[in-house]
Amino acid sequence: MSSPAAAPEPANLMEALVSLAKRRGFVFQSSEIYGGLNGFFDYGPMGVELKKNIRDCWWADMVRRRDDVVGIETSIIMHPKVWEASGHVAGFSDPLVDCKVSKNRYRADQLFFAPIVIDGVTHGYVSALESEKTTEELQAAAELFKRKKAITGALAPVQPKDFTEATADEITKIPSPATGNPDLTPPRAFNMMFQTNVGAMTDASSVAYLRPETAQGMFVDFKNVVDTGRVKLPFGIAQTGKSFRNEITPRNFIFRSREFEQMEMEFFIHEDDDWAKWHRYWINWCKDWLKSIGLPDTHLSEYDHLKEKLAFYSKGTTDIMFKFPFGVQELWGIAARGNYDLGQHAAASGVPQTIFDEATKKKFVPHVIEPAVGLDRIFLAVLTAGYAEEPVTDEKGNTETRTVLRLSPRIAPVKVAILPLLKNKEQLVARAQALHKKLQRRYAVFYDEGGAIGKRYRRQDEIGTPWCVTIDFDTIEKEGDTFTLRERDSMAQRRITEAELFALLEEQVY
Ligand code: GAP
């Protein structure tokens with residue numbers, strides 16, 4: 001078989017991913033039979049394995065294989081004072097804009113507008129939602145406006161701004177994307193934390209929040225870990241878990257959802273330590289880790305947040321960006337947060353968050369570097385990078401398209417598929433089942449005896465299984481107890497013994 005690799009155009013890649021995710025049991029819309037709930041997703045049998053494997057790899061590399069990071073698991077609902085001290089109650093908001101007529105809601109920083117300037121005179125405004133093509137859309141809308149109004153003169157290229165930059169006068173003139181008329185409200189702050197009530201009373205005293213990030217758990221338990229964990233600076237505290245944000249515009253499938261999982265680590269350093277050195281160390285670590293689970297360097301880049309846009313306590317934030325089908329977007333943020341968080345909790349709780357420095361005999365509040373990533377975003381990134389549709393030609397010269405997910409063996413939901421060549425040959429089935437049972441003790445494997453062997457290979461290609469093992473007549477008739485090992489990416493086949501198969505898995509699945 002030959003396989004000139006050809007991934008589909010980015011324009012339909014997202015559609016292809018969503019379709020594959022549904023078809024092969026990776027991701028479903030939450031509560032689908034009731035019409036779904038915007039911003040919430042379920043993970044199916046393949047998805048839950050893939051997600052768990054990514055989380056397990058992160059935990060192994062970030063916590064278990066390091067001597068300077070420990071793990072914890074903190075509760076999703078914490079004391080409401082945590083969120084006051086952290087600044088989330090006052091400031092964890094997005095700028096929200098309403099369309100008074102359509103009742104649509106927009107994030108002001110994702111809604112773009114531009115004046116229509118002809119021969120230096122502003123004749124009106126155009127608006128468009130943020131996308132890869134925002135500027136083109138605004139330009140096209142401005143040209144249409146000019147044509148419709150039959151205005152002569154030279155149209156200046158549009159200069160897009162986001163709605164947070166609109167003046168009071170402009171707000172009364174910018175058209176709503178829904179109605180085309182100036183029906184938009186001025187932006188107002190919308191707090192993204194989900195509220196709930198703890199206990200039987202539903203009054204102000206019982207208000208609590210679903211955590212919008214896992215990070216505060218590490219700060220609030222800092223003292224507990226220091227007092228019990230035998231840790232010494234520099235050291236990190238890590239956790240994975242669900243976070244909740246009432247996003248105004250959840251979008252791009254699982255990229256921005258309202259319930260998602262984070263993997264965060266707070267790396268505490270001495271106040272006199274070189275924060276920039278550690279910041280760079282963790283940026284590099286995160287990039288290397290992403291590559292270790294199969295994300296190509298070509299899809300990764302860095303974005304340094306502008307100094308003037310950083311919070312006052314922040315020393316620097318760098319995002320590792322990923323080339324998603326809908327554009328280059330943030331995947332992993334690495335922030336140098338000074339001692340702001342521990343300082344805030346010390347002040348609000350009255351419990352000092354200090355460490356004793358043996359050298360100077362002084363107490364101080366450690367500083368922190370925080371690599372924070374969304375598990376669901378990594379999930380989408382590995383689907384994006386791994387998906388390919390390629391024409392393949394069989395021995396008879398027939399060409400068809402195979403869909404393949406090139407997932408790293410580290411994270412593939414199924415590591416090996418075990419396929420007896422024929423299901424009505426007792427000896428083949430018995431040998432295949434014995435191998436299946438043995439492999440299953442250590443690895444996620446899949447036994448499949450239904451259908452033509454080619455079809456079975458294709459099914460495994462679509463879920464990203466790196467290897468298929470076929471138990472054929474050579475296995476039972478020839479000496480050596482060998483199987484056919486078929487590789488997903490090259491589709492090459494070779495013979496392999498059971499011991500060699502275990503050695504291959506031991507090397508590649510870690
Ligand atoms: N503790 C810092 C923090 O939470 P963040 O940039 O707000 O920082 C960290 O979030 C990471 O969490 C992001 O880089 C992204 O990968 C993921 N994330 C944030 N909001 C998300 C959402 N609504 N849906 C999915 N993932 C999200």
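The values are calculated or read from the model by the stated rules, or taken from the named source; none is laboratory data. Computed from a predicted structure; not experimentally measured. Here the Cβ is made from the backbone with ideal geometry for all residues, glycine too, and neighbour counts use every protein chain on show.
Can you tell me how many residues within the stretch 442-489 are touching a Leu at 6+ places or on another chain (Cβ under 6 Å) and over 25 Å from residue 509 (Cα atoms)?
Going through the stretch 442-489 one residue at a time, the tally reaches 1.
Within the bounds of the stretch 385-398, is there any residue that is within 19 Å of residue 240 (Cα to Cα) and either within 15 Å of the ligand (Cβ to nearest atom) or among the aromatic types (Phe, Trp, Tyr) (or both)? Show your work before the answer.
Kept after step one, since they are within 19 Å of residue 240 (Cα to Cα), are these residues of the stretch 385-398: none.
Checking the stretch 385-398: not a single residue is within 19 Å of residue 240 (Cα to Cα) and either within 15 Å of the ligand (Cβ to nearest atom) or among the aromatic types (Phe, Trp, Tyr) (or both).
Quick check on the stretch 264-275. Is at least one of its residues within 16 Å of the ligand (Cβ to nearest atom), touching a Lys or Arg at 6+ places or on another chain (Cβ under 8 Å) and either assigned to a loop (DSSP other than H, G, I, E, B) or not hydrophobic (A, V, I, L, M, F, W, C) (or both)? Reasoning before the result, please.
Within the stretch 264-275, the first condition is being within 16 Å of the ligand (Cβ to nearest atom), and the residues that meet it are 264-268.
Checking which are touching a Lys or Arg at 6+ places or on another chain (Cβ under 8 Å) leaves us with none.
No, the stretch 264-275 has no match at all.
Looking at residue 284 and the list (1) in a helix (DSSP H, G or I); (2) near the ligand (Cβ under 10 Å from one of its atoms); (3) not aliphatic (A, V, I, L, M), which single condition is not satisfied?
It fails just one condition, (2).
Looking only at the stretch 436-453, decide whether some residue is in a helix (DSSP H, G or I), among the charged types (D, E, K, R) and within 29 Å of residue 296 (Cα to Cα). Don't jump to the end; show me each part of the working.
So the first thing to find is which residues in the stretch 436-453 are in a helix (DSSP H, G or I), and the list is 436-440, 453.
Next, from what is left, pick out any that are among the charged types (D, E, K, R): 437-438.
Next, only the ones that are within 29 Å of residue 296 (Cα to Cα) stay: none.
Checked against the condition, which is being in a helix (DSSP H, G or I), among the charged types (D, E, K, R) and within 29 Å of residue 296 (Cα to Cα), the stretch 436-453 yields no hits at all.
Of all residues in the stretch 75-117, count the ones that are more than 20 Å from residue 312 (Cα to Cα) and assigned to a loop (DSSP other than H, G, I, E, B).
So the count comes out to 9.
Has the stretch 445-456 got at least one residue that is in contact (Cβ under 8 Å) with a residue 60 or more places away in the chain, closer than 30 Å to residue 27 by Cβ and surrounded by fewer than 19 Cβ atoms within 10 Å (Cβ to Cβ)? Walk me through it before giving the result.
Our first condition is that a residue be in contact (Cβ under 8 Å) with a residue 60 or more places away in the chain; within the stretch 445-456, this holds for 454.
If we keep only those that are closer than 30 Å to residue 27 by Cβ too, we end up with 454.
If we keep only those that are surrounded by fewer than 19 Cβ atoms within 10 Å (Cβ to Cβ) as well, we get 454.
Yes, the stretch 445-456 contains at least one residue that is in contact (Cβ under 8 Å) with a residue 60 or more places away in the chain, closer than 30 Å to residue 27 by Cβ and surrounded by fewer than 19 Cβ atoms within 10 Å (Cβ to Cβ).
Of the conditions (1) touching a residue at least 60 places away in the same chain (Cβ under 8 Å); (2) farther than 20 Å from residue 237 by Cα, residue 359 satisfies every one except a single condition; which number is it?
If we test residue 359 against (1) touching a residue at least 60 places away in the same chain (Cβ under 8 Å); (2) farther than 20 Å from residue 237 by Cα, just (1) comes out false.
I'm trying to understand the selection: among the residues of the stretch 323-355, which are outside any strand (DSSP E or B), among the aliphatic types (A, V, I, L, M) and without any contact (Cβ under 8 Å) to a residue 60 or more places away in the chain?
Going residue by residue through the stretch 323-355, those that are outside any strand (DSSP E or B) are 325-326, 339-354.
Right, trim to among the aliphatic types (A, V, I, L, M) and you get 342, 346-348, 351.
Matches in the stretch 323-355: 346 only.
In this structure, does residue 212 turn out to be more than 16 Å from the ligand (Cβ to nearest atom) and closer than 27 Å to residue 383 by Cα? Lay out the reasoning, then the answer.
Numbers: more than 16 Å from the ligand (Cβ to nearest atom): no; closer than 27 Å to residue 383 by Cα: yes.
For residue 212, the condition - more than 16 Å from the ligand (Cβ to nearest atom) and closer than 27 Å to residue 383 by Cα - is not met.
Within the set of pairs 6 or more residues apart or between chains, which connect a residue that is without any contact (Cβ under 8 Å) to a residue 60 or more places away in the chain and surrounded by 14 or more Cβ atoms within 10 Å (Cβ to Cβ) inside the stretch 12-28 to a residue that is outside any helix (DSSP H, G or I) and acidic (Asp, Glu) with Cβ atoms less than 9 Å apart?
Listed pairs, sorted by first residue: 28/42.
Please find, within the stretch 480-506, the residue that is surrounded by the fewest Cβ atoms within 10 Å (Cβ to Cβ) out of those that are more than 17 Å from residue 409 (Cα to Cα) and either of a type in the set (S, T, N, Q) or modelled with pLDDT under 95 (or both). Working first, answer last.
To start, the set of residues in the stretch 480-506 that are more than 17 Å from residue 409 (Cα to Cα) comprises 480-484, 493-499.
Still in the running and either of a type in the set (S, T, N, Q) or modelled with pLDDT under 95 (or both): 480-482, 484, 493, 497.
Numbers: 480: 8, 481: 14, 482: 18, 484: 18, 493: 14, 497: 13.
Taking the candidates together, the pick is 480.
Among the numbered criteria (1) at pLDDT 95 or above; (2) more than 27 Å from residue 463 (Cβ to Cβ); (3) touching a helix residue (DSSP H, G or I) at 6+ places or on another chain (Cβ under 7 Å), which one does residue 26 miss?
Result: residue 26 passes all but (2).
So which of 55, 66 ends up being in a helix (DSSP H, G or I) and modelled with pLDDT of 95 or more? Working first, answer last.
Numbers: 66 fails: in a helix (DSSP H, G or I).
Testing whether each residue is in a helix (DSSP H, G or I) and modelled with pLDDT of 95 or more leaves just 55.
Applying the selection to the stretch 32-48, what residues are surrounded by 12 or more Cβ atoms within 10 Å (Cβ to Cβ) and among the small types (Gly, Ala, Ser)?
Matches in the stretch 32-48: 36, 39, 44, 47.
Test residue 167 against the stated conditions and say whether it is β-branched (Val, Ile, Thr), out of contact with any Leu (no Cβ under 7 Å at 6 or more places or on another chain) and either at pLDDT 95 or above or closer than 30 Å to residue 329 by Cα (or both). It would help to see each step written out before you state the result.
Working: β-branched (Val, Ile, Thr): yes; out of contact with any Leu (no Cβ under 7 Å at 6 or more places or on another chain): yes; either at pLDDT 95 or above or closer than 30 Å to residue 329 by Cα (or both): yes.
Criteria met by residue 167.
Being buried (at least 20 other Cβ atoms within 10 Å of the Cβ), among the charged types (D, E, K, R), within 9 Å of the ligand (Cβ to nearest atom) and touching a residue at least 40 places away in the same chain (Cβ under 8 Å) is true for just one of 261, 247. Which residue is that? Full working, then the answer.
On the way: 247 fails: buried (at least 20 other Cβ atoms within 10 Å of the Cβ).
Matching residue, one of 261, 247: 261.
From (1) outside any strand (DSSP E or B); (2) out of contact with any helix residue (DSSP H, G or I) (no Cβ under 6 Å at 6 or more places or on another chain); (3) at pLDDT 95 or above; (4) not charged (D, E, K, R), pick out the condition that doesn't hold for residue 219.
(2)
Looking at (1) more than 13 Å from the ligand (Cβ to nearest atom); (2) of a type outside the set (Asp, Glu); (3) crowded, with 21+ Cβ neighbours inside 10 Å; (4) under 20 Å from the mean Cα position of the chain (by Cα), which is the only condition residue 345 fails?
Single failed check for residue 345: (4).
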